[in-house]
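J.: For reference, the structure I am asking about is given below.
The values are calculated or read from the model by the stated rules, or taken from the named source; none is laboratory data. Worth saying up front: this structure is predicted, and the values here are computed from it rather than measured. Note that each Cβ is placed from the backbone with ideal geometry, even for glycine, and that neighbours are counted across all protein chains shown. Surface areas here come from the heavy atoms of the whole protein model, side chains and all, with no ligands, DNA or RNA. Shrake-Rupley method; radii C 1.70, N 1.55, O 1.52, S 1.80 Å.
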Amino acid sequence: MLVSPTPPASAFADRHIGVTAPADVRAMLDRLGYAELDELVDAAVPSAIRMDGPLDLPAGVGEEQILAELRGFAAKNTPMVQMIGQGFSDTHTPPVIRRNVLESPAWYTAYTPYQPEISQGRLEALLNFQTMVSDLTALPVANASMLDESSAAAEAVLLMRRAGKASPTAKAVLDAALFPQTIAVIRGRAEALGFEVEVADLGAGLPEGELFGIVLQQPGDRGAVVDHAATIAAARERGAMVTVIADLLSLTLIVPPGEQGADVAVGSTQRFGVPLFFGGPHAAYLAVRAGLERSLPGRLVGVSRDAAGRQAYRLALQTREQHIRREKATSNICTAQALLAITASMYAVYHGPEGLRAIAERVHAHARALAAALAAAGIPLASASFFDTVVAEVPGRADAVIAAAAAAGINLRRIDAGTVGVSTDETTTAAHIAAVARAFGAAEPSAPAPGAAFPPALARTSDYLSHPIFATVRSETQMLRYLRRLADRDLALDRTMIPLGSCTMKLNATAEMEAISWPEFAGIHPYAPAEQTVGWRELIAELERRLVAITGYAGMSLQPNSGAQGELAGLLAIRGYHRSRGEADRTVCLIPASAHGTNAASAVLAGMRVVVVRNTDSGHIDLDDLRAKVEAHRDQLAAIMITYPSTYGVYDTDVHEVCGLVHAAGGQVYIDGANMNALVGIAQPGRFGGDVSHLNLHKTFAIPHGGGGPGVGPIGVAEHLLPFLPGDPRGGGATGGAAVVATIFGSAGVLPISYAYIALMGAEGLARATRTALLSANYIAARLAEHFPVLFTGESGLVAHECILDLRELTARSGVTAEDVAKRLIDFGFHAPTLAFPVAGTLMVEPTESEDLGEIERFIAAMIAIRGEIADVAEGRCPLGDSPLRLAPHTAEALLDADWDRAYTRERAAYPVASLRADKYFPPVGRIDGAHGDRNLVCSCPPPEAFA
Ligand SMILES: *Cc1c(COP(=O)(O)O)cnc(C)c1O
């Protein structure tokens, strides 16, 4: 027989999918009572929604092939020296941080730290981030990252409006010196909510009328560094709040917003070691003065204590989360930019305050040298006061100057035909400055005069980053060990299955990850000329095509940088559509009670009114209630948001009817695609009733979760919604919807991951992944059903790709809660399933296709052992308060306590199943008291004595 020269196309799928051995598949099917996998799928998935044939996608390719293909795209991009600025600055990512954070599965495969006992490492890193932002902005409370600078500025405006209790007619005023992309994003959000935004030159005084807030930017769009003190004071005098968008690096030299009286500061932390990535992902920041912490959007890490009184970190004020607050949530931000925030924080830890200041001084000196050379050549500058951006007036010559610089390999910013911007950054050299000067026809720059190019009154005199963590990690050995020490405290996918329902924690293959840090992808500025970004745009267009093929929609936008941003963009498209037809009154959004909390929060942000539709006891949408609500709101009905398969993990058979009822009343159907892992290759939301869906590329399409971001939440839409897809925030795009973030492709930098995933799996591999996800979820449900009731199943008695284990009856009998089970699983080395969503008192388990049968059995064994412990409590053999469940998780320190006097043995606590003796994770802290931390809110690094 001839040996095939290339590996079979399915070789990668066989690595991605955990259950491949025919004997394993057989054993699982036997347990479920099906002869074939297809028979199980046919029974689980209603035939009415099934797609006819296979996916219209190429066959899977090998890992070497995809890397070669990606190199081909990369080769069509042109890396340049990027001096365009406008919110994006090149930076050196320290290699030790690149390899051991950005490229390290210990960091990038972690989930959002909802289970704080197994997340102390990333929580510490995020607390460092908050401390860094708080110190540099001189505002006491900063959150753990925002999606990007422009959307963070929009959130700041909404925060001012909420917290300032403005009258509905009050307006926000944006300084004309904001970046145009930021103005566009803020305008889009304000338009949906129906409040006025005025753009004015605030240096010339505040406009008339009632204002709830103003937004300034430092340095401004044209690079000017301006003393905002008088403007801020005038705004406060008028009862308005103040947000300053500030460049974080400049704050090492320039008086920070907090010291000038600002209420809020926002901005990007990208230039702290995070590559340009063609626009994202980057962590933005948001900091507030005291008193506003409870209005903050996004996540906040805080300090609390564990059961033994030890300092411990956890997410603070979780009651503000959309999951709980739904339409009353402070924002819809769920996935943020954790991995990038961690990268930026480590950059600050590594460089320390003096290192950052030295970088800022170098950046500033290069800008001064260039300014002096231009001035000597008689070229006027837009501002003599600047930090890193010099804007030159060259009437009629902008294109010639830019072309000359490009010929030297340098990109400058074209502001208009007579104005050119040049921004220096950490990577700028004297040679770059000399080449730019030549492009302007100026003489060789000499060393700049000492001093600063901004008023002495603006020079920062206060300290920052004075916490020891910013002074103790200087050598690479120290950094390597700090990163390892933190990572070792955490459970990520590189150690254990993470069976989080609705999160799809699948393999993030190394081959999928490799390309993202290649300079031809990572080093591209989002506003680089189109001819330099051919490879990027081809890759993105092809990814869009493939996602269209998968979903059955007419088109896609990859702009939204999280699932919730996708929801917002999708609802804004629906809104735009209704308005274009003269039906602006259609503002009611029907949302089932079971929906993910971001759905309701996003609907509110899109200017819609949420009307809740009941679920039946069996977990379906209550059709009678739906009919009544549709009838009651017939003329105002904008949309229904449903999740399919439902958040209850079942394929509802009545989805056609639901969609039909809403369509008949003139409403649109939004299908939340977070559960797309149960549909790929089997059914297409664009074909079975949806008008728009977002996908979570960080769930179904293999982008790692990063400890809470990055994410990509593209939306697919039907033909009639195409014109309303999010537009280009800098204008001139093909679509007319409001931009939701600063760049047209959002978090472009991580798109090669999903591209590679789809290409590697191919049509067959993708469909097999879905079928395997169904098999594994149903197998777990079947194995555990006799121990824990499975809450919902479809008509066939099957679940989709996840199952809900109902603890409520056991809790009533024993007092043992779902949370106790989640914490006890840590002692078995597992990350808990999703706790209390979508039903309080339950655990939702999603194994995904990537887990092998051995790992699945390990999980089942843990759950059965825990069930035994619950029985001990229920049957009076072990008091609840002294049970291994309530006292879980067990730290090594607790286990070694000389005064051990618990009702169970140390062995039982640490090694409840024998396999743990060979491979054991010890949590660094015991059960954390979250309420204590909320009562005593501490959101920056506590002094080291606190750990004594
Ligand atoms: C994850 C999820 C979302 C939100 O996605 P983010 O990327 O975290 O914003 C929305 N809906 C459902 C059903 C989800 O599971």
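J.: Helix 818-827 sits at what angle to the longest principal axis of the chain, using alpha carbons and giving 0 to 90 degrees rounded to 10?
T.: Roughly 80 degrees, rounded to the nearest 10.
J.: Evaluate segment 819-948: find the radius of gyration of its Cα atoms, find its Kirkwood radius, and give the ratio Rg to Rh.
T.: Reported Rg/Rh (Cα atoms, Kirkwood Rh): 1.00.
J.: Tell me the accessible surface of Met497 in square angstrom (1.4 angstrom probe, heavy atoms of protein chains only), to the nearest ten.
T.: Taking all protein chains as shown, Met497 has close to 0 Å².
J.: Check Ala284: other-chain or 5+ apart residues with amide H under 5 Å from its amide H, H built from backbone geometry?
T.: The list, which skips near neighbours in sequence, is Met146, Leu147, Asp148, Thr269.
J.: Taking the Cα-to-Cβ direction at Ala290 and at Ala400 and moving 7 Å from each Cα, how far apart do the two end points lie in nm?
T.: Using points 7 Å along Cα→Cβ, the separation is 5.9 nm.
J.: Still on this structure: Over the chain, what percent of the accessible surface lies on carbon and sulfur atoms, probe 1.4 Å?
T.: Answer for the chain is 53 percent, counting heavy atoms of protein chains only.
J.: Hey, another quick one. What residues qualify as long-range amide H neighbours of Val141, i.e. H under 5 Å apart, gap of 5 or more or another chain, H built at 1.01 Å from N?
T.: Long-range HN contacts for Val141: Val288.
J.: For segment 102-347, with equal point scatterers placed on the C-alpha atoms only and solvent neglected, what are the log10 I(q)/I(0) values from the Debye formula at q = 0.12, 0.17, 0.18 1/Å, to two decimals?
T.: Evaluating at q = 0.12, 0.17, 0.18 Å⁻¹ gives log10 I(q)/I(0) of -0.65, -1.27, -1.41.
J.: Same structure again: At 1.4 Å probe size, with no ligands or nucleic acids counted, give the accessible surface of Tyr553 in Å², nearest ten.
T.: Its heavy atoms expose roughly 10 Å² to the probe.
J.: Using a 1.4 angstrom probe on the protein heavy atoms only, could you order Trp536, Trp518 from most to least accessible area?
T.: Result of the area sort, largest leading: Trp518, Trp536.
J.: What are the ³J(HN,Hα) couplings of segment 352-357, residue after residue, when phi is run through the Karplus curve with 6.51, -1.76, 1.60 and θ = phi - 60°? Round to Hz, x for glycine and proline.
T.: Per-residue couplings from phi come out as x, x, 6, x, 5, 5 Hz.
J.: On a straight-distance basis, which lysines could pair with Lys629 in a cross-link, Cα separation under 24 angstrom, same-chain partners fewer than 8 positions away excluded?
T.: Counting by Cα, and skipping residues close in sequence, Lys629 has these lysines nearby: Lys328.
J.: Each residue of segment 59-72 in order: what ³J(HN,Hα) in whole Hz does its phi give by Karplus 6.51 cos²θ - 1.76 cosθ + 1.60, θ = phi - 60°, with x for Gly and Pro?
T.: Computed from phi, the couplings for segment 59-72 are 5, x, 10, x, 5, 5, 5, 5, 5, 5, 5, 5, 4, x Hz.
J.: What full-extension length gain, to one decimal in nm, is calculated for Glu907 and Arg31 as 0.36 nm per residue of separation minus the Cα-Cα distance?
T.: Separation in residues times 0.36 nm, less the Cα-Cα distance, equals 312.1 nm.
J.: Same structure, new question: Multiplying the sequence separation of Asp14 and Arg238 by 0.36 nm and subtracting their Cα-Cα distance, what value in nm do you get?
T.: Gain on extension, Asp14 to Arg238, equals 74.1 nm.
J.: Further question: Within segment 577-667, report the trypsin sites (Lys or Arg not before Pro) that DSSP leaves as loop and that have at most 12 other Cβ atoms within 10 Å.
T.: Taking segment 577-667 and a limit of 12 other Cβ atoms within 10 Å, the loop trypsin sites (Lys or Arg not before Pro) found are Arg581.
J.: Of all DSSP beta bridges in the chain, what percent run antiparallel (nearest 5)?
T.: In the chain, DSSP labels about 55 percent of beta bridges as antiparallel.
J.: Another question, then. Using heavy-atom solvent-accessible surface (probe 1.4 Å) with all chains present, what is the largest-first order of Phe521, Phe745?
T.: Largest to smallest exposure gives the sequence Phe745, Phe521.
J.: If you take the Cα Rg of segment 479-636 and divide it by 2.2 N^0.38 Å, with N the number of residues, what do you get?
T.: 1.43
J.: Pull out the extension gain between Ala447 and Glu196, defined as 0.36 nm times the separation in residues minus the alpha carbon to alpha carbon distance; nm, one decimal.
T.: 85.6 nm
J.: What are the semi-axes of the equivalent ellipsoid of the chain, taken as the square roots of 5 times the eigenvalues of the Cα gyration tensor, listed largest first and rounded to whole Å?
T.: Equivalent-ellipsoid dimensions as semi-axes: 45, 32, 28 Å.
J.: Just to make sure I understand: if all protein chains stay in place, what is the order of His663, His228 by accessible area at 1.4 Å, largest first?
T.: Correct descending sequence by accessible area is His663, His228.
J.: Now for a different question. Taking N as the number of residues in segment 610-756, what is its Cα Rg relative to 2.2 N^0.38 Å?
T.: 1.15
J.: Could you go through segment 720-725 in sequence order and give the Karplus-derived ³J(HN,Hα) for each residue, using 6.51 cos²θ - 1.76 cosθ + 1.60 with θ = phi - 60°, rounded to whole Hz, and x for Gly and Pro?
T.: 5, 9, 3, x, 9, 4
J.: Still on this structure, I have one more. How far is helix 430-439 tilted, in degrees, relative to the longest principal axis of the Cα atoms in the chain, given as a value from 0 to 90 rounded to the nearest 10?
T.: Taking Cα atoms only, the helix is inclined about 60 degrees.
J.: Note down the nm distance, to one decimal, between modelled labels 7 Å out along Cα→Cβ at Glu361 and at His932.
T.: So the label points at Glu361 and His932 sit 4.4 nm apart.
J.: Keeping every protein chain present and rolling a 1.4 Å probe, give me the accessible area per residue for the chain in Å².
T.: 33
J.: If you line up the long axis of helix 623-632 against the longest principal axis of the chain, both from Cα atoms, how many degrees apart are they, to the nearest 10?
T.: It works out to around 40 degrees.
J.: Still on this structure, I have one more. Amide H to amide H, which residues 5 or more places from Val81 or on other chains are under 5 Å from it, using H placed in the peptide plane?
T.: The list, which skips near neighbours in sequence, is Ile410, Asn411.
J.: State the dimensionless ratio Rg/Rh of segment 516-749 (Rg: radius of gyration of Cα atoms; Rh: Kirkwood radius).
T.: On the Cα set of segment 516-749, Rg over Rh gives 0.98.
J.: Please report the accessible area of Thr419 (heavy atoms, 1.4 Å probe, ligands and nucleic acids excluded) in Å², nearest 10.
T.: Thr419 has an accessible surface of roughly 10 Å² with all protein chains in place.
J.: Taking only C-alpha pairs under 8 Å that are 6+ residues apart, what is the relative contact order of segment 547-703 in percent?
T.: Relative contact order here is 26 percent.
J.: Taking the mean number of other Cβ atoms within 10 Å as a proxy for protection, how do you rank 140-147, 401-408, 285-292 from highest to lowest?
T.: Ranking the peptides 140-147, 401-408, 285-292 by packing returns 140-147, 285-292, 401-408.
J.: What number, rounded to the nearest 500 deg cm²/dmol, is the helix-based mean residue ellipticity at 222 nm of the chain, given -39500 (n - 2.57) per DSSP H run of at least four residues and division by all its residues?
T.: Per the formula, -11000 deg cm²/dmol.
J.: Further, regarding this structure: Picking from Gly352, Thr770, Met863, whose Cα lies most toward the positive end of the charge dipole for the chain (charges on Cβ: Lys, Arg +1; Asp, Glu -1)?
T.: Gly352
J.: Given a Förster distance of 35 angstrom, what is the FRET efficiency for Glu542 paired with Arg484, based on the Cβ-Cβ distance and rounded to 0.05?
T.: Efficiency at R0 = 35 Å is approximately 0.40.
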